């Protein structure tokens, strides 16, 4: 057990997205909280209460995640909320949770979302006179496709609401410059900076000599395996990858696509694969543990992401940390992450462009090997301890009332 530091802090985290719902936000919060607790700081997480079926959908046993003895999870009454994972929950803010929080006596409040739990964080920060840090994990405009009409107007309205929330925080982070730039277009004016989501670079490591072929044999994968991991949801544009597959298979006859994750779009994606005649080239792997996901990455050859709704994409960083070159949409933060040294960008929503980009990597094992070495180097700075250091600097400076220098991407 780590010794308690002389300057141990008490930190309250608020989130509308949390375990057992799976996703990058959830992984980020848990990894950071676990690291802070291991260093001797005390963390209290306020999150929606989950139902038994939420654990079932994720293939997880009921109960709280193991985050260490200094990290507590306080569940708030919630109701099911329609969402792409089938696990989303909605908290109705009572504006009275400050009584529970006062007993914890936090020094700083950090809100990771802007819905019910985020509004609760805003209220209790005012009640207790505490600084409020906000993190925007969402490129909210990418979700306007769920609007039945006037999608551009809906996107603008959503951005205004989100920016309105974060303009009431004392300091704001986002995991990419692109997210800040989009917020700035809609009136964001508070101080803030880019702080990445953290990744476990020890778990997501490149394959050791001979390991890739051994894992391919174990998992039954071809020598030209493309992998996507994340929500099976419309905003992830997975249909672009499926529509690219017929042309890709003409260029690379052994190509196959593995989709890891769960979500409400699975049935339609399965139907599209049959319609395109590539059902035998698509494998739906379901929801995987981090251990199994890391093994899949080490067995695969290329990671693919056609989404235009990313604020960073934690799973992209995990795949790159595991030594995978990437093909992604030429959009938003993916353009900063997928540089020519580590992958190829393709025009958004253009299956032919994705087919060509994927083929260019699958047909060149030497290039994949060189890129794979560089991806690991590129993601080392996103390791959990480094990100935790950044947050501790922000928390301490905010509590002291210091002016925090803006990180790259916002000033």
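Our estimate of slack between residue 399 and residue 203, defined as 0.36 nm per intervening residue step minus the Cα-Cα distance, is 67.2 nm.
When only alpha carbons are used to place a centre, the range 13-48 and the range 239-273 end up 33 Å from one another. By the Cα gyration tensor, the range 211-381 has an equivalent ellipsoid whose semi-axes, rounded to whole angstrom, run 21, 18, 16 from largest to smallest. Here the gap between residue 367 and residue 349, fully extended at 0.36 nm per residue and compared with their Cα-Cα distance, gives a gain of 4.0 nm.
Rounded to the nearest 10 degrees, the angle from helix 151-166 to the longest Cα principal axis of the chain is 40 degrees. Judged by the gyration tensor of its Cα atoms, with axes a ≥ b ≥ c, the range 179-287 is oblate; a/c meets the 1.5 cut and b/c is at least as large as a/b. Taking 0.36 nm per residue of separation and subtracting the Cα-Cα distance, full extension of the segment from residue 128 to residue 284 would add 51.4 nm. For the chain, the longest principal axis of the C-alpha atoms and the axis of helix 266-275 are separated by about 20°.
Apply the a/c threshold of 1.5 to the C-alpha gyration tensor of the range 43-184 and tell me whether it is rounded, prolate or oblate. Taking the square roots of the gyration eigenvalues as a ≥ b ≥ c, the range 43-184 is oblate. The relative contact order of the range 211-381, computed from alpha carbon pairs under 8 Å that lie at least 6 residues apart in sequence, is 25 percent. Helix 24-38: angle to the longest alpha-carbon principal axis of the chain, degrees 0 to 90, nearest 10? Helix 24-38 sits roughly 50 degrees off the main axis of the chain.
Taking every DSSP bridge with both residues inside the chain, close to 5 percent are antiparallel. Comparing Cα centroids, the range 302-349 and the range 187-216 end up 12 angstrom apart. A helix-only calculation puts the chain at -12000 deg cm²/dmol for mean residue ellipticity at 222 nm, using -39500 (n - 2.57) for each DSSP H run of at least four residues, averaged over all residues.
Beta-bridge orientation, the range 211-381: approximately 0 percent antiparallel, per DSSP, counting only bridges with both partners inside. Please say if the chain is rounded, prolate or oblate, where rounded means a/c under 1.5 for a ≥ b ≥ c the square roots of the C-alpha gyration tensor eigenvalues, and otherwise the choice is prolate for a/b larger than b/c and oblate otherwise? Because a/c hits 1.5 or more and a/b exceeds b/c, the chain counts as prolate. Each residue, residue 213 and residue 74, gets one label point 7 Å from its Cα in the Cβ direction; the gap between the two is 5.6 nm. Computed from label points 7 Å out along Cα-Cβ, the spacing between residue 335 and residue 377 is 2.5 nm. Normalising the Debye intensity of the range 1-72 to I(0), with uniform scatterers on Cα atoms only, and taking log10 at q = 0.12, 0.18, 0.22 Å⁻¹ returns -0.34, -0.69, -0.94.
Only the coordinates and a few stated rules stand behind these numbers; no lab work does. Being a predicted model, the structure only gives us computed values, none of them experimental. For neighbour counting, all protein chains shown are included, and Cβ atoms are generated from backbone atoms with ideal geometry for every residue, glycine included.
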